[in-house]
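Down below is the structure, laid out as C-alpha coordinates.
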Amino acid sequence: MKAVLLDGIVLGLGFGLLGVGLTLVYGLGGVLNLAYGELAVLGAMVVSLVKDAGAPLALAAVAGVAAAMAAAVLLDLTVMRPVYRQSGEHRVLLGLLVTLGVAFLIEGLLNWRDPLGALTVDIGGGPIGIFGVPMPMSSIWASAITLGAGAILVVFLGATTFGRAIRSVMQDEVGARLVGISPSFTRTVIFALSGALAGLVAVTSAMSSPLTVTQGFDLTSFALIVTVVGGLGSVTGAFLAGLLLGIVDTLSAYYVGQYITSVVLLGAAGLTILIRPRGLLGR
Amino acid sequence: MKGAAAGYLGQKVVEDIDLEVRTGEAVAIVGSNGAGKTTLFRAIVGLLPCMAGRVILDGVDLTRRRAHRVARAGVAYVPAERHLFPAMTVKTNLMLGAYPHRPNRETLELVFDLFPRLKERLGQQAGTMSGGEQQMLAVGRALMTQPKLLMLDEPTTGLAPKVAKAAFEAVERLKATGMTLLIAEQQVPLALSVADRAYVLENGRVRMEGTAEELEHNPEVRRAYLGVA
Ligand SMILES: Nc1ncnc2c1ncn2[C@@H]1O[C@H](COP(=O)(O)OP(=O)(O)OP(=O)(O)O)[C@@H](O)[C@H]1O
Ligand SMILES: [Mg+2]
(Lines give C-alpha, C1' and ligand atoms only; values in the text may rest on other atoms or scores of the structure.)
(Ligands and ions follow the chains in the order given, each with its own letter.)
Protein backbone atom coordinates (compact mmCIF):
# COMPACT_ATOMS: atom_id res chain seq x y z
CA MET A 1 0.00 0.00 0.00
CA LYS A 2 2.74 2.46 1.00
CA ALA A 3 4.65 1.52 -2.13
CA VAL A 4 1.62 2.12 -4.34
CA LEU A 5 1.08 5.53 -2.75
CA LEU A 6 4.71 6.51 -3.27
CA ASP A 7 4.54 5.37 -6.89
CA GLY A 8 1.39 7.46 -7.23
CA ILE A 9 3.16 10.51 -5.86
CA VAL A 10 6.07 10.06 -8.28
CA LEU A 11 3.68 9.72 -11.20
CA GLY A 12 1.56 12.58 -9.90
CA LEU A 13 4.46 15.00 -9.72
CA GLY A 14 5.16 14.24 -13.38
CA PHE A 15 1.50 14.80 -14.23
CA GLY A 16 1.63 18.07 -12.33
CA LEU A 17 4.61 19.45 -14.20
CA LEU A 18 3.07 18.29 -17.47
CA GLY A 19 -0.14 20.14 -16.61
CA VAL A 20 1.66 23.33 -15.62
CA GLY A 21 3.02 23.83 -19.12
CA LEU A 22 -0.44 23.65 -20.62
CA THR A 23 -2.26 25.59 -17.95
CA LEU A 24 0.13 28.57 -18.05
CA VAL A 25 -0.40 29.09 -21.77
CA TYR A 26 -4.12 28.72 -21.32
CA GLY A 27 -4.21 31.16 -18.43
CA LEU A 28 -2.29 33.74 -20.39
CA GLY A 29 -4.47 33.95 -23.46
CA GLY A 30 -7.17 31.30 -23.58
CA VAL A 31 -5.33 28.96 -25.94
CA LEU A 32 -5.34 25.23 -25.23
CA ASN A 33 -2.23 24.06 -27.01
CA LEU A 34 -3.21 20.71 -28.51
CA ALA A 35 0.33 20.33 -29.90
CA TYR A 36 1.71 20.32 -26.36
CA GLY A 37 2.29 16.56 -26.15
CA GLU A 38 3.92 16.59 -29.57
CA LEU A 39 6.41 19.17 -28.32
CA ALA A 40 7.32 16.72 -25.56
CA VAL A 41 7.76 13.91 -28.07
CA LEU A 42 9.83 16.16 -30.31
CA GLY A 43 12.08 16.95 -27.36
CA ALA A 44 12.35 13.26 -26.50
CA MET A 45 13.40 12.36 -30.03
CA VAL A 46 16.10 15.02 -29.99
CA VAL A 47 17.39 13.66 -26.67
CA SER A 48 17.50 10.20 -28.14
CA LEU A 49 19.30 11.42 -31.28
CA VAL A 50 21.95 13.36 -29.38
CA LYS A 51 22.40 10.50 -26.92
CA ASP A 52 22.86 7.97 -29.72
CA ALA A 53 25.44 10.25 -31.28
CA GLY A 54 27.50 9.61 -28.20
CA ALA A 55 26.90 12.71 -26.14
CA PRO A 56 26.58 12.44 -22.36
CA LEU A 57 23.03 12.10 -21.04
CA ALA A 58 22.90 15.48 -19.34
CA LEU A 59 23.92 17.24 -22.55
CA ALA A 60 21.38 15.26 -24.57
CA ALA A 61 18.67 16.19 -22.07
CA VAL A 62 19.53 19.87 -22.29
CA ALA A 63 19.47 19.67 -26.10
CA GLY A 64 16.04 18.03 -26.02
CA VAL A 65 14.58 20.60 -23.67
CA ALA A 66 16.08 23.37 -25.78
CA ALA A 67 14.65 21.86 -28.96
CA ALA A 68 11.13 21.66 -27.51
CA MET A 69 11.49 25.23 -26.28
CA ALA A 70 12.71 26.45 -29.66
CA ALA A 71 9.82 24.70 -31.40
CA ALA A 72 7.39 26.39 -29.02
CA VAL A 73 8.87 29.83 -29.67
CA LEU A 74 8.71 29.21 -33.40
CA LEU A 75 5.03 28.33 -33.06
CA ASP A 76 4.36 31.43 -31.03
CA LEU A 77 6.08 33.73 -33.48
CA THR A 78 4.37 32.25 -36.55
CA VAL A 79 1.04 30.45 -36.45
CA MET A 80 -0.04 31.76 -33.04
CA ARG A 81 0.17 35.43 -34.09
CA PRO A 82 -3.13 35.45 -36.02
CA VAL A 83 -4.72 33.49 -33.18
CA TYR A 84 -3.83 36.10 -30.58
CA ARG A 85 -5.07 38.86 -32.83
CA GLN A 86 -8.58 37.46 -32.31
CA SER A 87 -10.38 37.82 -29.03
CA GLY A 88 -12.88 35.86 -26.96
CA GLU A 89 -14.47 32.76 -28.43
CA HIS A 90 -12.83 33.29 -31.82
CA ARG A 91 -9.41 33.09 -30.23
CA VAL A 92 -10.29 29.90 -28.36
CA LEU A 93 -11.64 28.16 -31.46
CA LEU A 94 -8.92 29.29 -33.82
CA GLY A 95 -6.35 28.33 -31.18
CA LEU A 96 -7.76 24.81 -30.99
CA LEU A 97 -7.75 24.42 -34.76
CA VAL A 98 -4.28 25.80 -35.33
CA THR A 99 -2.62 23.83 -32.55
CA LEU A 100 -4.43 20.66 -33.62
CA GLY A 101 -3.03 21.19 -37.11
CA VAL A 102 0.46 21.64 -35.69
CA ALA A 103 0.01 18.46 -33.63
CA PHE A 104 -0.83 16.48 -36.76
CA LEU A 105 2.10 18.03 -38.57
CA ILE A 106 4.68 17.19 -35.88
CA GLU A 107 3.26 13.74 -35.34
CA GLY A 108 3.28 13.04 -39.05
CA LEU A 109 6.84 14.23 -39.45
CA LEU A 110 8.16 12.21 -36.53
CA ASN A 111 6.28 9.10 -37.63
CA TRP A 112 7.65 9.43 -41.10
CA ARG A 113 11.25 9.96 -39.98
CA ASP A 114 11.30 7.39 -37.23
CA PRO A 115 8.10 5.37 -36.70
CA LEU A 116 9.71 3.18 -34.03
CA GLY A 117 11.48 6.02 -32.24
CA ALA A 118 11.54 5.79 -28.48
CA LEU A 119 13.45 7.40 -25.67
CA THR A 120 14.67 5.47 -22.68
CA VAL A 121 16.72 7.24 -20.07
CA ASP A 122 18.71 4.87 -17.92
CA ILE A 123 19.60 6.09 -14.49
CA GLY A 124 22.04 3.73 -12.88
CA GLY A 125 22.12 2.86 -9.22
CA GLY A 126 20.08 0.56 -7.08
CA PRO A 127 16.90 1.32 -5.17
CA ILE A 128 17.00 3.50 -2.09
CA GLY A 129 14.72 3.01 0.88
CA ILE A 130 12.18 5.79 1.41
CA PHE A 131 9.83 5.28 4.38
CA GLY A 132 10.91 1.67 4.25
CA VAL A 133 9.93 1.29 0.61
CA PRO A 134 12.70 0.62 -1.91
CA MET A 135 12.35 3.31 -4.57
CA PRO A 136 14.24 3.01 -7.85
CA MET A 137 16.90 5.64 -8.44
CA SER A 138 15.08 6.77 -11.59
CA SER A 139 11.95 7.72 -9.62
CA ILE A 140 14.01 9.67 -7.14
CA TRP A 141 15.82 11.56 -9.87
CA ALA A 142 12.62 12.26 -11.78
CA SER A 143 10.83 13.54 -8.70
CA ALA A 144 13.76 15.66 -7.59
CA ILE A 145 14.00 17.30 -11.02
CA THR A 146 10.25 17.86 -11.12
CA LEU A 147 10.12 19.36 -7.64
CA GLY A 148 13.09 21.57 -8.43
CA ALA A 149 11.50 22.83 -11.63
CA GLY A 150 8.20 23.38 -9.82
CA ALA A 151 9.89 25.37 -7.05
CA ILE A 152 11.75 27.52 -9.55
CA LEU A 153 8.49 28.20 -11.38
CA VAL A 154 6.63 29.16 -8.23
CA VAL A 155 9.38 31.57 -7.21
CA PHE A 156 9.68 32.98 -10.73
CA LEU A 157 5.95 33.66 -11.07
CA GLY A 158 5.34 34.67 -7.48
CA ALA A 159 8.33 36.67 -6.43
CA THR A 160 9.99 38.25 -9.45
CA THR A 161 8.98 41.44 -11.19
CA PHE A 162 8.61 39.71 -14.51
CA GLY A 163 6.59 36.91 -12.92
CA ARG A 164 4.22 39.50 -11.53
CA ALA A 165 3.94 41.06 -14.96
CA ILE A 166 2.97 37.67 -16.38
CA ARG A 167 0.29 37.20 -13.75
CA SER A 168 -1.01 40.69 -14.41
CA VAL A 169 -1.59 39.77 -18.05
CA MET A 170 -3.54 36.72 -16.87
CA GLN A 171 -5.74 38.88 -14.66
CA ASP A 172 -6.38 41.82 -16.94
CA GLU A 173 -4.77 42.12 -20.32
CA VAL A 174 -5.89 45.71 -20.90
CA GLY A 175 -4.71 46.73 -17.44
CA ALA A 176 -1.33 45.18 -18.16
CA ARG A 177 -0.99 47.07 -21.43
CA LEU A 178 -1.87 50.31 -19.69
CA VAL A 179 1.07 49.99 -17.31
CA GLY A 180 3.46 49.24 -20.17
CA ILE A 181 3.52 45.45 -20.19
CA SER A 182 3.52 43.80 -23.60
CA PRO A 183 1.12 40.83 -23.62
CA SER A 184 2.66 39.38 -26.76
CA PHE A 185 6.17 39.40 -25.28
CA THR A 186 5.01 37.76 -22.05
CA ARG A 187 3.14 35.18 -24.11
CA THR A 188 6.25 34.34 -26.09
CA VAL A 189 8.16 33.82 -22.85
CA ILE A 190 5.43 31.62 -21.41
CA PHE A 191 5.20 29.63 -24.63
CA ALA A 192 8.95 29.06 -24.46
CA LEU A 193 8.62 28.01 -20.83
CA SER A 194 5.79 25.68 -21.73
CA GLY A 195 7.88 24.05 -24.46
CA ALA A 196 10.80 23.63 -22.07
CA LEU A 197 8.49 22.00 -19.52
CA ALA A 198 7.17 19.62 -22.18
CA GLY A 199 10.75 18.64 -23.01
CA LEU A 200 11.63 18.23 -19.35
CA VAL A 201 8.63 16.01 -18.66
CA ALA A 202 9.59 13.90 -21.66
CA VAL A 203 13.02 13.32 -20.14
CA THR A 204 11.79 12.57 -16.62
CA SER A 205 9.03 10.24 -17.79
CA ALA A 206 11.49 8.36 -20.00
CA MET A 207 13.44 7.59 -16.84
CA SER A 208 10.79 5.12 -15.70
CA SER A 209 9.33 3.88 -18.99
CA PRO A 210 10.17 4.41 -22.67
CA LEU A 211 8.53 7.39 -24.38
CA THR A 212 7.53 6.50 -27.93
CA VAL A 213 6.85 8.63 -30.97
CA THR A 214 3.15 7.81 -30.83
CA GLN A 215 2.56 9.12 -27.31
CA GLY A 216 2.06 12.79 -28.09
CA PHE A 217 -1.70 12.62 -28.01
CA ASP A 218 -1.70 10.74 -24.69
CA LEU A 219 0.51 13.39 -23.14
CA THR A 220 -1.75 16.16 -24.40
CA SER A 221 -4.80 14.42 -22.95
CA PHE A 222 -3.16 13.90 -19.56
CA ALA A 223 -2.10 17.53 -19.51
CA LEU A 224 -5.66 18.56 -20.38
CA ILE A 225 -7.12 16.48 -17.58
CA VAL A 226 -4.64 17.91 -15.07
CA THR A 227 -5.34 21.44 -16.29
CA VAL A 228 -9.08 21.06 -15.99
CA VAL A 229 -8.94 19.44 -12.56
CA GLY A 230 -6.36 21.87 -11.21
CA GLY A 231 -8.13 24.97 -12.40
CA LEU A 232 -7.22 26.75 -15.60
CA GLY A 233 -4.16 28.91 -15.18
CA SER A 234 -3.14 27.77 -11.70
CA VAL A 235 0.36 26.35 -11.13
CA THR A 236 -0.20 25.05 -7.61
CA GLY A 237 -3.59 23.76 -8.74
CA ALA A 238 -1.90 21.78 -11.51
CA PHE A 239 0.50 20.18 -9.04
CA LEU A 240 -2.31 19.32 -6.62
CA ALA A 241 -4.37 17.86 -9.44
CA GLY A 242 -1.33 15.97 -10.74
CA LEU A 243 -0.74 14.39 -7.32
CA LEU A 244 -4.40 13.50 -6.92
CA LEU A 245 -4.61 11.95 -10.37
CA GLY A 246 -1.28 10.18 -10.04
CA ILE A 247 -2.43 8.48 -6.85
CA VAL A 248 -5.82 7.61 -8.36
CA ASP A 249 -4.01 6.22 -11.40
CA THR A 250 -1.63 3.91 -9.53
CA LEU A 251 -4.32 2.79 -7.09
CA SER A 252 -6.68 1.82 -9.88
CA ALA A 253 -3.88 0.13 -11.82
CA TYR A 254 -2.91 -1.82 -8.73
CA TYR A 255 -6.35 -2.88 -7.57
CA VAL A 256 -8.22 -3.15 -10.85
CA GLY A 257 -5.86 -3.20 -13.78
CA GLN A 258 -3.89 -0.98 -16.12
CA TYR A 259 -6.64 -1.06 -18.75
CA ILE A 260 -9.05 0.81 -16.49
CA THR A 261 -6.81 3.71 -15.44
CA SER A 262 -7.62 6.17 -18.22
CA VAL A 263 -11.34 5.73 -17.62
CA VAL A 264 -10.89 6.19 -13.88
CA LEU A 265 -8.78 9.30 -14.50
CA LEU A 266 -11.44 10.83 -16.72
CA GLY A 267 -14.05 9.87 -14.14
CA ALA A 268 -12.07 11.61 -11.40
CA ALA A 269 -11.70 14.67 -13.60
CA GLY A 270 -15.41 14.70 -14.38
CA LEU A 271 -16.26 14.39 -10.71
CA THR A 272 -14.01 17.34 -9.81
CA ILE A 273 -15.71 19.47 -12.42
CA LEU A 274 -19.13 18.54 -11.06
CA ILE A 275 -18.12 19.45 -7.52
CA ARG A 276 -15.87 22.41 -8.33
CA PRO A 277 -16.58 23.75 -11.82
CA ARG A 278 -13.50 25.95 -11.73
CA GLY A 279 -11.17 23.15 -10.71
CA LEU A 280 -9.34 22.75 -7.43
CA LEU A 281 -7.70 26.17 -7.41
CA GLY A 282 -9.27 27.84 -10.43
CA ARG A 283 -10.04 31.53 -10.46
CA MET B 1 -3.74 65.16 -31.69
CA LYS B 2 -4.63 66.35 -35.15
CA GLY B 3 -7.46 65.38 -37.48
CA ALA B 4 -7.81 62.07 -35.72
CA ALA B 5 -10.55 59.56 -36.33
CA ALA B 6 -11.29 56.18 -34.78
CA GLY B 7 -14.07 53.68 -34.45
CA TYR B 8 -14.99 50.04 -34.60
CA LEU B 9 -15.12 47.60 -37.51
CA GLY B 10 -14.24 50.25 -40.05
CA GLN B 11 -17.07 52.47 -38.86
CA LYS B 12 -15.85 55.86 -37.69
CA VAL B 13 -17.22 56.86 -34.29
CA VAL B 14 -15.13 59.98 -33.76
CA GLU B 15 -13.82 62.11 -36.59
CA ASP B 16 -11.86 65.29 -37.34
CA ILE B 17 -10.65 65.67 -33.80
CA ASP B 18 -8.11 68.43 -33.17
CA LEU B 19 -7.13 68.32 -29.57
CA GLU B 20 -4.29 69.95 -27.72
CA VAL B 21 -3.17 69.67 -24.12
CA ARG B 22 -0.28 71.88 -23.01
CA THR B 23 2.10 70.92 -20.25
CA GLY B 24 0.64 71.56 -16.82
CA GLU B 25 -2.82 72.13 -18.19
CA ALA B 26 -6.07 70.38 -17.22
CA VAL B 27 -8.33 69.83 -20.21
CA ALA B 28 -11.82 68.35 -20.06
CA ILE B 29 -13.71 66.49 -22.76
CA VAL B 30 -17.40 66.75 -22.03
CA GLY B 31 -20.29 65.16 -23.86
CA SER B 32 -23.28 62.97 -23.23
CA ASN B 33 -23.52 59.15 -23.37
CA GLY B 34 -22.20 57.76 -26.60
CA ALA B 35 -20.61 61.02 -27.74
CA GLY B 36 -17.35 59.16 -28.31
CA LYS B 37 -15.20 60.22 -25.36
CA THR B 38 -14.04 56.73 -24.51
CA THR B 39 -13.42 55.90 -28.16
CA LEU B 40 -11.28 59.01 -28.47
CA PHE B 41 -9.26 58.08 -25.38
CA ARG B 42 -8.77 54.52 -26.56
CA ALA B 43 -7.44 55.80 -29.87
CA ILE B 44 -5.00 58.15 -28.15
CA VAL B 45 -3.46 55.38 -26.03
CA GLY B 46 -3.32 52.83 -28.82
CA LEU B 47 -6.01 50.46 -27.61
CA LEU B 48 -7.81 51.28 -30.86
CA PRO B 49 -6.08 52.10 -34.13
CA CYS B 50 -6.31 55.68 -35.37
CA MET B 51 -8.06 55.59 -38.74
CA ALA B 52 -6.76 59.05 -39.64
CA GLY B 53 -4.67 61.86 -38.16
CA ARG B 54 -1.84 61.72 -35.68
CA VAL B 55 -1.17 61.59 -31.98
CA ILE B 56 1.91 63.46 -30.83
CA LEU B 57 3.46 63.72 -27.38
CA ASP B 58 6.29 66.25 -26.95
CA GLY B 59 7.11 66.00 -30.64
CA VAL B 60 7.14 62.18 -30.60
CA ASP B 61 4.66 60.52 -32.93
CA LEU B 62 2.66 57.89 -31.03
CA THR B 63 0.02 57.30 -33.70
CA ARG B 64 0.86 53.75 -34.64
CA ARG B 65 2.33 52.60 -31.36
CA ARG B 66 0.76 49.79 -29.46
CA ALA B 67 -0.76 50.51 -26.07
CA HIS B 68 2.10 49.29 -23.88
CA ARG B 69 4.55 51.47 -25.80
CA VAL B 70 2.31 54.51 -25.52
CA ALA B 71 2.19 53.87 -21.78
CA ARG B 72 5.98 53.71 -21.60
CA ALA B 73 6.23 56.91 -23.61
CA GLY B 74 4.45 58.70 -20.76
CA VAL B 75 0.71 58.58 -21.37
CA ALA B 76 -1.26 57.01 -18.53
CA TYR B 77 -4.91 56.18 -19.08
CA VAL B 78 -7.36 55.35 -16.31
CA PRO B 79 -10.36 53.72 -18.00
CA ALA B 80 -13.80 54.02 -16.45
CA GLU B 81 -13.75 50.24 -15.90
CA ARG B 82 -10.38 50.65 -14.15
CA HIS B 83 -8.87 47.34 -15.31
CA LEU B 84 -7.07 46.65 -12.04
CA PHE B 85 -5.46 43.30 -11.27
CA PRO B 86 -8.23 41.98 -9.02
CA ALA B 87 -6.45 39.03 -7.40
CA MET B 88 -3.38 41.06 -6.49
CA THR B 89 -2.88 43.29 -3.50
CA VAL B 90 -2.98 47.07 -3.56
CA LYS B 91 0.77 47.04 -3.13
CA THR B 92 1.39 44.75 -6.10
CA ASN B 93 -0.97 46.78 -8.28
CA LEU B 94 1.01 49.91 -7.45
CA MET B 95 4.33 48.15 -8.04
CA LEU B 96 3.16 46.95 -11.44
CA GLY B 97 2.36 50.55 -12.29
CA ALA B 98 6.08 51.22 -12.07
CA TYR B 99 6.94 48.17 -14.22
CA PRO B 100 9.67 47.48 -15.29
CA HIS B 101 11.31 49.86 -12.82
CA ARG B 102 11.29 49.84 -9.05
CA PRO B 103 8.59 52.08 -7.63
CA ASN B 104 9.73 55.67 -7.33
CA ARG B 105 9.72 56.78 -3.70
CA GLU B 106 8.44 60.29 -4.24
CA THR B 107 5.70 59.15 -6.56
CA LEU B 108 4.61 56.60 -3.98
CA GLU B 109 4.55 59.35 -1.33
CA LEU B 110 2.44 61.48 -3.65
CA VAL B 111 -0.02 58.63 -4.19
CA PHE B 112 -0.34 57.98 -0.45
CA ASP B 113 -0.65 61.68 0.14
CA LEU B 114 -3.54 61.93 -2.32
CA PHE B 115 -5.18 58.69 -1.19
CA PRO B 116 -4.24 57.83 2.41
CA ARG B 117 -6.77 55.01 2.19
CA LEU B 118 -4.44 53.10 -0.15
CA LYS B 119 -1.66 53.18 2.42
CA GLU B 120 -3.99 51.66 5.00
CA ARG B 121 -5.06 48.94 2.59
CA LEU B 122 -1.72 47.91 1.09
CA GLY B 123 -2.33 44.23 1.77
CA GLN B 124 -5.93 44.09 0.54
CA GLN B 125 -6.84 42.38 -2.73
CA ALA B 126 -7.81 44.97 -5.31
CA GLY B 127 -10.92 43.04 -6.33
CA THR B 128 -12.39 43.25 -2.83
CA MET B 129 -12.22 47.03 -2.54
CA SER B 130 -15.16 49.41 -2.88
CA GLY B 131 -15.74 51.26 -6.13
CA GLY B 132 -14.29 54.49 -4.77
CA GLU B 133 -11.20 52.73 -3.43
CA GLN B 134 -10.71 50.96 -6.74
CA GLN B 135 -10.85 54.30 -8.51
CA MET B 136 -8.16 55.64 -6.16
CA LEU B 137 -6.02 52.59 -6.84
CA ALA B 138 -6.49 52.93 -10.59
CA VAL B 139 -5.32 56.54 -10.45
CA GLY B 140 -2.51 55.58 -8.08
CA ARG B 141 -1.33 52.81 -10.38
CA ALA B 142 -1.42 55.20 -13.33
CA LEU B 143 0.64 57.77 -11.39
CA MET B 144 3.24 55.11 -10.61
CA THR B 145 4.03 54.97 -14.34
CA GLN B 146 5.28 58.56 -13.88
CA PRO B 147 3.28 59.88 -16.79
CA LYS B 148 3.71 63.13 -18.64
CA LEU B 149 -0.01 63.10 -19.36
CA LEU B 150 -2.67 61.52 -17.18
CA MET B 151 -5.99 60.69 -18.84
CA LEU B 152 -9.01 60.00 -16.67
CA ASP B 153 -12.15 58.56 -18.25
CA GLU B 154 -15.19 59.43 -16.16
CA PRO B 155 -13.45 59.23 -12.81
CA THR B 156 -16.83 59.53 -11.12
CA THR B 157 -18.42 56.44 -12.72
CA GLY B 158 -20.42 54.52 -10.15
CA LEU B 159 -19.50 56.85 -7.30
CA ALA B 160 -22.01 58.45 -4.94
CA PRO B 161 -22.19 62.25 -5.40
CA LYS B 162 -20.21 62.88 -2.23
CA VAL B 163 -17.47 60.43 -3.23
CA ALA B 164 -17.46 61.89 -6.74
CA LYS B 165 -16.79 65.31 -5.27
CA ALA B 166 -13.97 63.93 -3.17
CA ALA B 167 -12.54 62.33 -6.29
CA PHE B 168 -12.49 65.69 -8.03
CA GLU B 169 -10.85 67.29 -5.02
CA ALA B 170 -8.08 64.75 -5.46
CA VAL B 171 -7.89 65.69 -9.14
CA GLU B 172 -7.61 69.33 -8.08
CA ARG B 173 -4.69 68.54 -5.79
CA LEU B 174 -3.07 66.47 -8.52
CA LYS B 175 -3.31 69.44 -10.82
CA ALA B 176 -1.66 71.59 -8.19
CA THR B 177 1.38 69.30 -8.35
CA GLY B 178 1.81 70.33 -11.98
CA MET B 179 0.40 67.14 -13.54
CA THR B 180 -0.95 67.50 -17.07
CA LEU B 181 -4.50 66.18 -17.20
CA LEU B 182 -7.06 65.14 -19.78
CA ILE B 183 -10.42 64.28 -18.27
CA ALA B 184 -13.55 62.91 -19.92
CA GLU B 185 -16.64 63.59 -17.89
CA GLN B 186 -20.40 63.65 -18.25
CA GLN B 187 -20.87 65.67 -15.11
CA VAL B 188 -20.06 68.92 -16.84
CA PRO B 189 -20.12 71.26 -13.82
CA LEU B 190 -17.60 69.08 -11.98
CA ALA B 191 -15.39 68.87 -15.05
CA LEU B 192 -15.45 72.60 -15.69
CA SER B 193 -14.63 73.28 -12.04
CA VAL B 194 -11.12 71.83 -12.39
CA ALA B 195 -10.41 72.26 -16.09
CA ASP B 196 -8.55 75.18 -17.64
CA ARG B 197 -10.06 74.45 -21.03
CA ALA B 198 -12.68 72.07 -22.36
CA TYR B 199 -13.92 70.53 -25.59
CA VAL B 200 -17.56 69.65 -26.10
CA LEU B 201 -17.91 66.41 -28.02
CA GLU B 202 -21.17 65.66 -29.81
CA ASN B 203 -21.75 62.71 -32.11
CA GLY B 204 -18.06 62.10 -32.47
CA ARG B 205 -17.09 65.65 -33.41
CA VAL B 206 -15.81 68.63 -31.50
CA ARG B 207 -18.84 70.87 -31.25
CA MET B 208 -17.28 73.66 -29.18
CA GLU B 209 -14.08 74.45 -27.39
CA GLY B 210 -12.85 77.15 -25.09
CA THR B 211 -11.70 78.00 -21.63
CA ALA B 212 -13.74 76.55 -18.82
CA GLU B 213 -15.02 80.01 -18.02
CA GLU B 214 -16.16 80.71 -21.58
CA LEU B 215 -18.02 77.44 -21.76
CA GLU B 216 -19.61 77.90 -18.36
CA HIS B 217 -21.16 81.12 -19.59
CA ASN B 218 -22.02 79.84 -23.05
CA PRO B 219 -25.83 79.75 -23.34
CA GLU B 220 -25.84 76.56 -25.39
CA VAL B 221 -23.65 74.70 -22.88
CA ARG B 222 -25.74 76.03 -20.03
CA ARG B 223 -28.89 74.76 -21.66
CA ALA B 224 -27.61 71.37 -22.78
CA TYR B 225 -25.25 70.40 -19.98
CA LEU B 226 -25.67 72.62 -16.98
CA GLY B 227 -29.41 72.23 -16.67
CA VAL B 228 -30.04 75.96 -16.84
CA ALA B 229 -33.09 77.06 -18.81
N1 LIG C 1 -16.59 47.94 -28.97
C2 LIG C 1 -17.46 48.69 -29.70
N3 LIG C 1 -17.90 48.21 -30.88
C4 LIG C 1 -18.76 48.93 -31.64
N5 LIG C 1 -19.23 50.15 -31.28
C6 LIG C 1 -18.84 50.68 -30.12
C7 LIG C 1 -17.92 49.96 -29.26
N8 LIG C 1 -17.71 50.72 -28.19
C9 LIG C 1 -18.44 51.85 -28.34
N10 LIG C 1 -19.11 51.83 -29.50
C11 LIG C 1 -20.00 52.89 -30.01
O12 LIG C 1 -19.26 54.07 -30.14
C13 LIG C 1 -20.04 55.19 -29.78
C14 LIG C 1 -19.27 56.04 -28.81
O15 LIG C 1 -19.05 55.31 -27.61
P16 LIG C 1 -18.10 55.83 -26.47
O17 LIG C 1 -18.00 54.73 -25.48
O18 LIG C 1 -16.86 56.34 -27.05
O19 LIG C 1 -18.92 57.04 -25.86
P20 LIG C 1 -18.70 57.85 -24.55
O21 LIG C 1 -18.72 59.26 -24.92
O22 LIG C 1 -17.52 57.36 -23.83
O23 LIG C 1 -20.00 57.49 -23.72
P24 LIG C 1 -20.21 57.31 -22.16
O25 LIG C 1 -20.32 58.66 -21.59
O26 LIG C 1 -21.50 56.56 -22.06
O27 LIG C 1 -19.07 56.53 -21.64
C28 LIG C 1 -21.35 54.64 -29.24
O29 LIG C 1 -22.32 54.80 -30.23
C30 LIG C 1 -21.07 53.20 -29.00
O31 LIG C 1 -22.23 52.43 -29.24
MG1 LIG D 1 -17.18 56.41 -21.97
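Computed over the range B:84-146, relative contact order equals 54 percent, with contacts defined as Cα pairs under 8 Å that lie 6+ residues apart. Mean partner shielding of peptide A:164-175, defined as the number of other chain Cβ atoms within 10 Å of each residue Cβ, is 6. A straight line joining the Cα centroids of the range A:188-218 and the range B:25-53 runs 47 Å.
Per residue of B:79-87, how many C-beta atoms from partner chains lie within 10 Å of its own C-beta, taken as a mean? Please report the intermediate quantities before stating the final value.
Working: counts 3, 0, 3, 4, 9, 4, 10, 4, 6.
Per residue, the number of nearby Cβ atoms from other chains is 5 on average.
Among the lysines of the protein assembly as shown, pairs at least eight places apart or on separate chains and with Cα atoms under 16 Å apart come to 6. The share of accessible area on chain B that comes from carbon and sulfur is 49 percent, using a 1.4 angstrom probe. Between B and A, roughly 1800 Å² of accessible area is buried in total, ligands, DNA and RNA not counted and the probe set to 1.4 Å.
Taking the Cα centre of the protein assembly as shown as origin and assigning +1 to Lys and Arg Cβ atoms and -1 to Asp and Glu Cβ atoms, the resulting dipole is close to 360 debye.
Taking every alpha-carbon pair under 8 Å whose residues sit at least 6 apart, the range B:145-218 reaches a relative contact order of 27 percent. Restricting the trypsin sites (Lys or Arg not before Pro) of the range B:14-44 to loop positions (DSSP other than H, G, I, E, B) with no more than 14 neighbouring Cβ atoms within 10 Å leaves B:Arg22. Per-residue ellipticity at 222 nm computed for chain A from its helices equals -25500 deg cm²/dmol, with DSSP H segments shorter than 4 residues left out and the rest contributing -39,500 (n - 2.57). Using just its DSSP H runs of length 4 or more, each adding -39500 (n - 2.57), chain B gives a mean residue ellipticity at 222 nm of -10500 deg cm²/dmol after division by all residues. Provide, for q = 0.05 Å⁻¹, the log10 of I(q)/I(0) from a solvent-free Debye sum over equal Cα point scatterers in the protein assembly as shown. Here log10 of I(q) over I(0) equals -0.27. Determine the distance separating the Cα centre of the range A:141-174 from the Cα centre of the range A:69-110; give it in Å without decimals. For the range A:141-174 versus the range A:69-110, the Cα centre distance is 23 Å. Sparsely packed loop sites in the range A:40-117 (the trypsin sites (Lys or Arg not before Pro) outside DSSP H, G, I, E and B with at most 10 other Cβ atoms within 10 Å) do not occur. Using the 1.4 Å probe convention, the accessible area of the range B:84-146 works out to 46 Å² per residue with neighbouring protein chains retained.
The values are calculated or read from the model by the stated rules, or taken from the named source; none is laboratory data. Since this is a predicted model, take the numbers as computed values, not measurements. Reconstructed Cβ throughout: ideal geometry from the backbone, glycine too, with neighbour counts over all protein chains shown. Just so you know, the surface numbers come from the protein's heavy atoms only, side chains and all, with ligands and any DNA or RNA stripped out. Shrake-Rupley method; radii C 1.70, N 1.55, O 1.52, S 1.80 Å.
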